[in-house]
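Everything below concerns the one structure shown next.
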Protein chains: 2
Amino acid sequence: MDRQGYAVAIVGASGEVGRSMIETLERYPIPVSSLRLLASKRSAGKVCSFRNETYVIEELTEQSFDGIDLAFFSAGGSVSLKYAPIAVSKGAVVIDNTSAFRMDPNIPLVVPEVNAHVLSKETRLIANPNCSTIQLVVALKPLKDCYGIESVNVSTYQAISGAGAKALFEYDEELSDPTYQPQILPTRSDEVYYQIAHNVIPQIDVFMESGYTKEEIKMINETQKILDDNDLKVNATCVRVPVRYGHSLSTTVKLKSPVKDRLEIIDLFKRSNDIVLKDDISCQEYPMPVYLQHQDEVFVGRIRKDLFEERVIHFWVVADNILKGAALNSVQIAYYMHQNRLLGD
Amino acid sequence: MDRQGYAVAIVGASGEVGRSMIETLERYPIPVSSLRLLASKRSAGKVCSFRNETYVIEELTEQSFDGIDLAFFSAGGSVSLKYAPIAVSKGAVVIDNTSAFRMDPNIPLVVPEVNAHVLSKETRLIANPNCSTIQLVVALKPLKDCYGIESVNVSTYQAISGAGAKALFEYDEELSDPTYQPQILPTRSDEVYYQIAHNVIPQIDVFMESGYTKEEIKMINETQKILDDNDLKVNATCVRVPVRYGHSLSTTVKLKSPVKDRLEIIDLFKRSNDIVLKDDISCQEYPMPVYLQHQDEVFVGRIRKDLFEERVIHFWVVADNILKGAALNSVQIAYYMHQNRLLGD
């Protein structure tokens with residue numbers, strides 16, 4: 001960086017995650033000397049504010065990355081596949097929030113609390129994991145360190161905002177107009193659309209031949225990669241629920257060593273700096289998305305020891321999918337690299 | 001019964017399940033010579049129609065069961081504990097939809113498709129299981145018969161109507177008035193209330209010291225009892241979602257013998273008369289509550305073989321919690337007993 005800070009670009013600046021990236025970057029102590037907001041031609045010309053200045057969104061082109069030190073991408077996989085290598089070739093460090101590079105063995109997939117150690121001065125392209133995966137691995141980390149983990153089984157309760165601003169709009173339309181015809185959920189790129197209001201939809205992203213959805217496969221593969229354990233058995237069932245912000249996970253973990261009781265796990269999570277424990281059954285305390293939306297932390301509650309299996313525990317994890325699940329995690333990656341002098345020359 | 005049919009009583013006739021019992025009984029070929037609708041003093045005087053006749057709800061008293069052959073109870077556990085033995089002592093067969101007698105070793109807990117064989121001419125009191133349990137065991141039955149079952153792990157997505165008509169009213173209020181203060185959910189009898197609109201609540205019924213809720217313990221114990229297997233390992237995480245009618249279950253089952261692929265399970269369910277298979281990933285077919293509410297059947301989809309474990313499968317089960325989960329199952333118990341001449345003298 002020059003002495004004033006980094007020249008930053010945000011690709012997909014007009015989207016749900018892009019706007020959250022601008023807001024998050026604004027409040028993080030990362031020095032920014034210039035900001036370039038990029039999007040498709042359709043969104044070019046829109047105006048955003050950042051640290052008391054006004055910025056106009058520009059159309060993304062191959063020249064957009066000239067002079068850029070740090071670029072955040074959140075405009076879909078195909079945009080990242082095309083433009084992230086260009087940004088890197090122009091000397092930028094890229095933090096990509098799409099699935100384009102996540103499973104590339106040469107690209108680090110990072111949740112700073114879990115595996116920041118894979119970042120180095122040579123890292124030019126970093127993948128930001130899937131939203132549900134991020135909050136899952138943050139909760140798994142203390143368990144892995146203390147007991148080791150044999151298997152993980154998750155059922156998700158995923159918020160509508162994960163499918164973008166248009167899906168949120170669709171939800172509001174469905175609530176106010178019973179004749180509205182869905183055209184976004186479950187997956188824009190798929191062929192059939194279903195109502196999410198007063199419903200739950202057990203499909204996120206398209207289907208694979210195995211019967212799993214791509215979202216489920218992402219959670220499985222990315223969890224293995226971030227926890228650096230190809231023997232870890234993971235299963236996911238991904239379900240969209242009528243919640244605006246905040247994914248919830250019903251999680252079952254088989255540990256490698258036995259647990260005495262639920263208090264032992266509660267104590268472990270209490271000592272972790274990376275999660276917020278919300279588990280007091282005496283006053284009905286547990287995390288819920290509508291009460292925790294727009295917050296940065298990963299919240300854990302409903303901790304139980306299995307009634308039959310010595311090494312199995314169950315718990316519930318909630319985090320804001322747009323913040324910790326996307327924009328915040330990307331900015332935290334940048335902040336970690338900044339603090340550890342891994343950004344710039 | 002006399003030659004025209006049974007003298008039937010419905011206790012809790014003004015409630016969500018009671019009204020559904022009247023409607024279900026109306027369309028089932030069970031001969032009814034007289035109908036007595038019973039409820040608390042507060043609901044007495046309300047009017048209902050049954051098979052083109054008008055009935056007035058009467059206040060429940062100890063004399064209410066004089067001359068009654070068959071009584072359905074759905075007015076809360078304490079009402080059943082007090083009045084079901086009175087009804088039995090007056091000669092009625094009682095089908096009880098509360099949790100009052102479910103775990104009594106002397107009382108059969110029945111889902112007709114699964115364990116009707118426990119009913120006999122001597123049976124006077126039958127417990128109707130918890131709503132989520134019913135649809136779970138209907139789906140487990142073909143698997144148990146074909147492979148044997150070692151363990152079951154369920155995360156639920158339970159509809160608001162399971163908490164009664166007042167909870168449905170509360171949901172509508174929350175949707176239309178953001179300042180509305182919740183006073184029913186998660187559990188009327190508990191102390192703190194949370195919003196269900198745009199939210200998911202991981203608490204149904206009150207907490208036990210183990211960290212499990214009573215609803216979760218019910219699912220665990222009742223599944224063991226109905227499947228007649230005390231070694232069956234069951235876990236449940238019960239969650240309320242903003243859906244009016246229809247519970248969904250994300251289900252993981254460890255079988256006792258291996259499965260080749262998902263098609264083997266699809267084929268097994270296809271051959272079952274007791275579930276409706278909705279599993280065609282080529283056209284995004286899977287069961288969803290808003291599209292299946294007010295239907296009688298148990299629907300299964302999203303069938304997958306675990307990617308790591310030979311004997312583990314995952315699937316998704318949806319059924320109307322007021323119908324198959326409560327009123328319909330009770331009427332089906334009565335119908336089975338009628339057909340097999342187990343009712344009356």
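Numbers for the structure displayed
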{"item": "Close pairs from region B:144-155: first at the interface with chain A (Cβ under 10 Å from one of its Cβ atoms), partner of a type in the set (A, V, I, L, M) and in a strand (DSSP E or B), Cβ under 6 Å, at least 6 apart", "result": "B:Val154/B:Ala236; B:Val154/B:Leu249"}
{"item": "Every residue from region B:207-256 that is over 29 Å from B:Gln293 (Cβ atoms), part of a loop (DSSP other than H, G, I, E, B) and not polar (S, T, N, Q)", "result": "B:Met208, B:Glu209, B:Gly211, B:Asp228, B:Asp229, B:Asp231, B:Leu232, B:Lys256"}
{"item": "Hey, A:Ile10 of a type outside the set (Ser, Thr, Tyr), in a loop (DSSP other than H, G, I, E, B) and surrounded by 20 or more Cβ atoms within 10 Å (Cβ to Cβ) or not", "result": "no"}
{"item": "Residue within region A:245-268 that is more than 20 Å from A:Lys141 (Cβ to Cβ), in contact (Cβ under 8 Å) with a residue 12 or more places away in the chain and of a type in the set (A, V, I, L, M) present", "result": "no"}
{"item": "From A:Leu342, A:Leu263, residue being assigned to a loop (DSSP other than H, G, I, E, B) and of a type in the set (A, V, I, L, M, F, W, C)", "result": "A:Leu342"}
{"item": "Failed item, numbered, when B:Pro85 is tested on (1) over 29 Å from B:Ser189 (Cα atoms); (2) modelled with pLDDT of 95 or more; (3) of a type outside the set (Asp, Glu)", "result": "(1)"}
{"item": "Residues of region A:284-336 that turn out to be without any contact (Cβ under 8 Å) to a residue 40 or more places away in the chain, more than 7 Å from chain B (Cβ to nearest Cβ) and of a type in the set (A, V, I, L, M, F, W, C), as a count", "result": "1"}
{"item": "Those strands (runs of 3 or more DSSP E) lying entirely in region A:43-122 with at least 1 residues aromatic (Phe, Trp, Tyr) and under 29 Å from A:Asp205 (Cβ atoms)", "result": "A:70-73"}
{"item": "Yes/no for B:Val241 being out of contact with any Asp or Glu (no Cβ under 6 Å at 6 or more places or on another chain) and of a type outside the set (Phe, Trp, Tyr)", "result": "yes"}
{"item": "Counted residues, region B:160-175 - those being buried (at least 22 other Cβ atoms within 10 Å of the Cβ) and either part of a loop (DSSP other than H, G, I, E, B) or touching a Phe, Trp or Tyr at 6+ places or on another chain (Cβ under 8 Å) (or both)", "result": "3"}
{"item": "Criterion violated by A:Val206 - all others in (1) out of contact with any Ser or Thr (no Cβ under 7 Å at 6 or more places or on another chain); (2) closer than 26 Å to B:Asp280 by Cα satisfied", "result": "(1)"}
{"item": "Leading residue by the ranking (farthest from A:Leu343 (Cα to Cα)) among those in region A:43-64 that are of a type in the set (A, V, I, L, M) and surrounded by 19 or more Cβ atoms within 10 Å (Cβ to Cβ)", "result": "A:Ile57"}
{"item": "Selection within region A:32-42 - in contact (Cβ under 8 Å) with a residue 24 or more places away in the chain and either in a strand (DSSP E or B) or surrounded by fewer than 13 Cβ atoms within 10 Å (Cβ to Cβ) (or both)", "result": "A:Val32, A:Ser33, A:Ser34, A:Leu35, A:Arg36, A:Leu37, A:Leu38, A:Ala39"}
{"item": "Some residue of region A:120-131 being within 29 Å of B:Ile196 (Cβ to Cβ), within 14 Å of chain B (Cβ to nearest Cβ), surrounded by 19 or more Cβ atoms within 10 Å (Cβ to Cβ) and not basic (Lys, Arg)", "result": "no"}
{"item": "Residues (outside any strand (DSSP E or B), of a type in the set (A, V, I, L, M, F, W, C) and touching a strand residue (DSSP E or B) at 6+ places or on another chain (Cβ under 7 Å)) located in region B:135-159", "result": "B:Leu136, B:Val138, B:Ala139, B:Leu140, B:Leu143, B:Ala159"}
{"item": "Selected residue (only one of B:Ser49, B:Ser64, B:Ser78 is more than 25 Å from B:Gly344 (Cβ to Cβ) and touching a helix residue (DSSP H, G or I) at 6+ places or on another chain (Cβ under 9 Å))", "result": "B:Ser49"}
{"item": "Qualifying residue in region A:19-31 (condition: surrounded by fewer than 17 Cβ atoms within 10 Å (Cβ to Cβ), at pLDDT 95 or above and over 22 Å from the mean Cα position of the chain (by Cα))", "result": "yes"}
{"item": "Qualifying position, being at pLDDT below 95 and outside the structural domain of B:Ala116 (by TED's automatic domain parsing), among B:Asp296, B:Asp345", "result": "B:Asp345"}
{"item": "Residue list for region A:172-206, filter: within 8 Å of another protein chain (Cβ to nearest Cβ) and free of Cβ contacts under 8 Å to residues at least 12 places away in the same chain", "result": "A:Glu191, A:Val192"}
{"item": "Qualifying residue in region B:207-226 (condition: at the interface with chain A (Cβ under 9 Å from one of its Cβ atoms) and more than 19 Å from A:Val312 (Cβ to Cβ))", "result": "yes"}
{"item": "Of residues in region B:278-307 being in contact with a Ser or Thr (Cβ under 8 Å, 6 or more places away or on another chain) and assigned to a strand (DSSP E or B), the one surrounded by the fewest Cβ atoms within 10 Å (Cβ to Cβ)", "result": "B:Lys305"}
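Per-residue answers, yes or no, for (1) away from chain A (no Cβ under 13 Å); (2) among the hydrophobic types (A, V, I, L, M, F, W, C); (3) out of contact with any strand residue (DSSP E or B) (no Cβ under 7 Å at 6 or more places or on another chain):
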site: B:Arg240; (1), (2), (3): no, no, no
site: B:Arg244; (1), (2), (3): no, no, yes
site: B:Ser248; (1), (2), (3): no, no, no
site: B:Thr252; (1), (2), (3): no, no, no
site: B:Val276; (1), (2), (3): yes, yes, no
site: B:Asp279; (1), (2), (3): no, no, no
site: B:Ser282; (1), (2), (3): no, no, yes
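The values are calculated or read from the model by the stated rules, or taken from the named source; none is laboratory data. All of these numbers come straight from a predicted model, not from anything done at the bench. Neighbour counts are summed over all protein chains in view; Cβ atoms, including those assigned to glycine, are modelled from backbone coordinates with ideal geometry.
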